[in-house]
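The next block holds one structure in the form of structure tokens; read it before the comments.
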Amino acid sequence: MAMRRFPDLAAGLSRGLAELVGDCRGAAATEFALVAPALCLVLYGTMEFGRMAWTQQALNFAVEEAARCASVTPSVCGTSQQIATYAANEISTGYVPVTAFSGGTASCGHLVTASFAYPFVATGLFSLTPTLSATACEP
């Protein structure tokens, strides 16, 4: 009797294996589990690089406004420190320090520059640290 059970067990296993291979339940969940990390990485990368482009544009705006202030109203933006403070107040991101800005005079007029090491939110995903810079000069 014991000999008879083994062929039945083997036939039952092969039948169960055939049913398992042909079963499509859960295929969408498996495919999503394989694709979701790449999709999330692309989505997060798009948001981070969009934020970096926004910060670059805000930096450009701040130095242009500070150079214009130094040209038009020297009582407010007369010294290098006043120019840097004015530029830092004009930037809308809020995380660019005053030390990133410098102002002075050049052959073109009032020159304002900014250099800023951009911090990504998740430094583990992006190992690079780009330096954003902007320059503006008003006569």
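The values are calculated or read from the model by the stated rules, or taken from the named source; none is laboratory data. None of these values were measured; they are calculated from a predicted model. Reconstructed Cβ throughout: ideal geometry from the backbone, glycine too, with neighbour counts over all protein chains shown.
Below are the figures for this structure:
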| item | result |
| --- | --- |
| Scope the range 108-117; condition over 31 Å from the mean Cα position of the chain (by Cα) and either closer than 18 Å to T131 by Cα or surrounded by 17 or more Cβ atoms within 10 Å (Cβ to Cβ) (or both); matching residues | H110 |
| Qualifying residue in the range 32-43 (condition: small (G, A, S) and not in a helix (DSSP H, G or I)) | no |
| Close pairs from the range 93-109: first more than 26 Å from R51 (Cα to Cα), partner in a strand (DSSP E or B) and not charged (D, E, K, R), Cβ under 7 Å, at least 6 apart | G104/L111; T105/L111; A106/C137; C108/C137; G109/C137 |
| Unique match (being modelled with pLDDT of 90 or more, assigned to a strand (DSSP E or B) and under 26 Å from the mean Cα position of the chain (by Cα)) among T55, T46, T99, T135 | T135 |
| Among residues of the range 65-107, those that are touching a Phe, Trp or Tyr at 6+ places or on another chain (Cβ under 9 Å), surrounded by 20 or more Cβ atoms within 10 Å (Cβ to Cβ) and either over 17 Å from A117 (Cα atoms) or among the β-branched types (V, I, T) (or both), counted | 9 |
